[in-house]
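Trainee: Could you have a look at this structure, given as structure tokens, before my questions?
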Number of protein chains: 4
Amino acid sequence: MSINTIEQLAEAVRQFGRERDWHLYHSPKNLTAALIVEAAELLEPFQWLTEEQSHALAPDKREAVRQEMADVLIYLVSLANTLDIDLLKAAEDKLAINARKYPVEFAKGSCRKYNETEP
Amino acid sequence: MSINTIEQLAEAVRQFGRERDWHLYHSPKNLTAALIVEAAELLEPFQWLTEEQSHALAPDKREAVRQEMADVLIYLVSLANTLDIDLLKAAEDKLAINARKYPVEFAKGSCRKYNETEP
Amino acid sequence: MSINTIEQLAEAVRQFGRERDWHLYHSPKNLTAALIVEAAELLEPFQWLTEEQSHALAPDKREAVRQEMADVLIYLVSLANTLDIDLLKAAEDKLAINARKYPVEFAKGSCRKYNETEP
Amino acid sequence: MSINTIEQLAEAVRQFGRERDWHLYHSPKNLTAALIVEAAELLEPFQWLTEEQSHALAPDKREAVRQEMADVLIYLVSLANTLDIDLLKAAEDKLAINARKYPVEFAKGSCRKYNETEP
């Protein structure tokens, strides 16, 4: 089966867990722990690189990073399945919140929130 | 603009950063750091809960969790934009790898990989 | 050399890095990234366990956990060396802050801060 | 009480939890989750800084970092209390392992392990 949408991914992840009875392990608490473990595996190849080096990964490192990104997404989708959350709607709503928190005029070339002074 | 696909989310995230000149900050290294910080904010409301409690969040906690999930997704998409990675294809490929690592017969009701004994 | 105090550990860590010229890599930013990667390796063996199981680790898992705890401490000490921070004094000061945040009468059998209602 | 050794810190942390009946929450699993949440709060002020900037924190940021380092240490000591692990001995043993993994001649000015080629 080819996965072309996030809904298809959600269904594939749901079926993958169902076939293995992983609902026994996949409480929201455990899934968030698993997600951060994958996020750390994603950070690990970058930890000693300069920012510049991080833009130009060697092919084997890039593939490792790609797989860790996939793991993060899979756990995020699994958590969304469990909590019955629409990820795209959540992201859309959060971007609207962020647009208020980081007004263009204020945040341009900075990472300041509306209520912060320069770093 | 309504966001209905991960491609639309990728475009919205790209534009959000472009308007604020955030490419100055958004090196892959920094984005993976930001992603794990959000993953920790997602874990935080669960840390003292039992697994059972984690299934039944109060509405305000659930909304907070939903927003942290959105933050994780937004940084993941931003990283994918920067590294030019197709997230859905990466997840599809990783599920195929996982299917070999966790064969149904072997992993059913367990979290063992093919090469692991019981926990 | 035997290490019996945190000062001796700090000196051993300083010398270990100096012999390898690791000051080139060990910026505070990179050390905090390395620390969280180790914290995730510490969390990893617990992620699918119940809380009860987490109290009774098999000997090989316990030794792995012990080594990950050591890694976290080593990076924390390395960061303290770099930023010239007295870790024990910092912890003493933080416990005093926590004592105000979590008054005994209020926090007993709960994890509430002074300004929180029940979870 | 003044804290001058890691043993005194361990005792202070033990007493702090005992007064609040926190053993109910402080399973090893939960403590490792709490530790990584604090590690993320430690990483957070560095995430958008350059490595150079991370060496020269403003006084208020430095104090925040110092408090987050204290939180990481407090949870690490609490976990060591619960699992009955001697942190300094664990760190001493791990440094000996690291000395074999990163031989001076090989690792000098690099972060290579004995079995790795250049990044």
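Trainee: Select from B:ALA10, B:ALA99, B:LEU87 the residue farthest towards the positive end of the dipole of chain B; place +1 on Cβ of Lys and Arg, -1 on Cβ of Asp and Glu, and compute about the Cα centre.
Mentor: Of the listed residues, the answer is B:ALA99.
Trainee: If you don't mind, another one. So if I place +1 on the C-beta of Lys and Arg and -1 on the C-beta of Asp and Glu, and nothing else carries charge, what would the dipole magnitude of chain A be about its Cα centre? I want it in debye, nearest 20.
Mentor: Dipole about the Cα centre, nearest 20: 340 debye.
Trainee: State in Å² the accessible area per residue of chain B; use a 1.4 Å probe, count heavy atoms of protein chains only, and round to the nearest integer.
Mentor: 46
Trainee: Let me ask something else about it. Which whole number gives the average count of other chain Cβ atoms within 10 Å of the Cβ atoms across peptide C:14-22? Mind dumping the intermediate values first?
Mentor: Numbers: counts 0, 1, 6, 0, 0, 6, 13, 5, 7.
The mean count of partner-chain Cβ atoms within 10 Å per residue comes to 4.
Trainee: Residue of B with Cβ nearest the axis relating B to D, plus distance in whole Å?
Mentor: Looking at chain B's Cβ atoms against the axis toward D, the nearest is B:ALA40, 2.
Trainee: Continuing with this model, one more query. Between 0 and 90 degrees, rounded to the nearest ten: what's the tilt of helix C:28-43 against the longest Cα principal axis of chain C?
Mentor: Its long axis makes an angle of about 60 degrees.
Trainee: Once you place label points 7 Å from the Cα toward the Cβ at B:ASP21 and D:LYS108, how far apart are they in nm?
Mentor: The two pseudo-label positions are separated by 4.4 nm.
Trainee: Quick one: pull the percent of accessible area on chain B belonging to carbon and sulfur, 1.4 Å probe, ligands and nucleic acids left out. Could the numbers behind the result be given before it?
Mentor: Numbers: 2740 of 5480 Å².
After summing per-atom areas, the C and S share lands at 50 percent.
Trainee: Charges at C-beta only: +1 for Lys and Arg, -1 for Asp and Glu. How large is the resulting dipole of the protein assembly as shown about its Cα centre, in Debye rounded to 20? Before the final figure, lay out the partial values.
Mentor: On the way: 56 positive and 80 negative charges, 0 e Å.
About 0 debye.
Trainee: May I pose another question? Which net charge results for the neighbourhood of D:LEU43, defined as the other residues with beta-carbon distances under 9 angstrom from its beta-carbon, given Lys and Arg at +1 and Asp and Glu at -1?
Mentor: With Lys, Arg at +1 and Asp, Glu at -1, the net is -2.
Trainee: Which residue, A:PRO45, A:PRO59, A:PRO28, tops the fluctuation ranking in a GNM of chain A built on C-alpha contacts under 10 Å?
Mentor: Ranking A:PRO45, A:PRO59, A:PRO28 by mean-square fluctuation puts A:PRO59 first.
Trainee: Continuing with this model, one more query. A 19 angstrom limit on the alpha carbon distance is what I want to check against. Which of A:LYS29/C:LYS94; A:LYS94/B:LYS61; D:LYS29/D:LYS101 exceed it?
Mentor: Going by Cα-Cα distance, A:LYS29/C:LYS94; D:LYS29/D:LYS101 fall outside the 19 Å limit.
Trainee: Another question, then. Once you've got the GNM for chain A with C-alpha springs shorter than 10 Å, pick whichever of A:ALA96, A:ALA64, A:ALA40 has the biggest mean-square fluctuation.
Mentor: Greatest mean-square fluctuation among the candidates belongs to A:ALA96.
Trainee: Which value at 222 nm does chain B reach when only helices count, each DSSP H run of 4 or more adding -39,500 (n - 2.57), with the total divided by all residues and rounded to the nearest 500 deg cm²/dmol? List each step's numbers first, then the result.
Mentor: Values: 6 runs with 78 residues, N = 119.
Calculated from helices alone, the mean residue ellipticity at 222 nm is -21000 deg cm²/dmol.
Trainee: One decimal, nm, shortest first: give the distances between the label point of D:GLU63 and those of the same position in the other copies, each label point 7 Å from Cα along Cα→Cβ.
Mentor: 3.3, 4.6, 5.1
Trainee: Excluding A:SER2 itself, calculate the net charge of residues whose Cβ lies under 14 Å from the Cβ of A:SER2, where each Lys or Arg counts +1 and each Asp or Glu counts -1.
Mentor: -4
Trainee: Please build a GNM for chain C, connecting alpha carbons under 10 Å apart, and tell me which residue among C:THR32, C:THR50, C:THR82 fluctuates the most.
Mentor: The residue that fluctuates most here is C:THR50.
Trainee: Within the range B:75-114, find all residues whose amide N lies under 20 Å from a label point positioned 7 Å from the Cα of A:GLU63 along Cα-to-beta-carbon.
Mentor: Answer for this model: B:80, B:83-102.
Trainee: Can you give the Rg to Rh ratio for the range C:47-106, taking only C-alpha atoms and Rh from Kirkwood?
Mentor: 1.13
Trainee: Grab the other residues whose beta carbon is less than 14 angstrom from that of C:GLU63, score K and R as +1, D and E as -1, and report the net.
Mentor: -2
Trainee: Using only alpha carbon positions, build the gyration tensor of the protein assembly as shown, then give the equivalent ellipsoid semi-axes as the square roots of 5 times its eigenvalues, largest first, whole angstrom.
Mentor: Working: eigenvalues 213, 141, 125 Å².
Values for the protein assembly as shown, descending: 33, 27, 25 Å.
Trainee: Once phi is turned into θ = phi - 60°, what whole-Hz ³J(HN,Hα) does the Karplus curve with 6.51, -1.76 and 1.60 give for every residue of the range A:45-62, x standing for Gly and Pro?
Mentor: Using θ = phi - 60°, the values come out as x, 9, 4, 9, 7, 6, 4, 4, 4, 5, 7, 10, 6, 5, x, 5, 5, 4 Hz.
Trainee: Assuming 0.890 mPa s and 25 °C, estimate D for chain B with Stokes-Einstein, Rh taken as the Kirkwood radius over Cα pairs, in µm²/s.
Mentor: 144
Trainee: Now a separate question. Roughly how many nanometres apart are two label points built 7 Å out from the Cα toward the Cβ at A:ASP86 and A:HIS55?
Mentor: Taking the two extended label points, one gets 3.8 nm.
Trainee: Which whole number gives the average count of other chain Cβ atoms within 10 Å of the Cβ atoms across peptide B:57-69?
Mentor: Mean number of neighbouring Cβ atoms from other chains: 4.
The values are calculated or read from the model by the stated rules, or taken from the named source; none is laboratory data. Keep in mind the model is a prediction, meaning the values are calculated, not measured. Positions of Cβ are generated from backbone atoms using ideal geometry, with glycine treated the same way; all protein chains shown enter the neighbour counts. These accessible areas exclude ligands, DNA and RNA; they are computed on the full protein's heavy atoms, side chains included. Shrake-Rupley method; radii C 1.70, N 1.55, O 1.52, S 1.80 Å.
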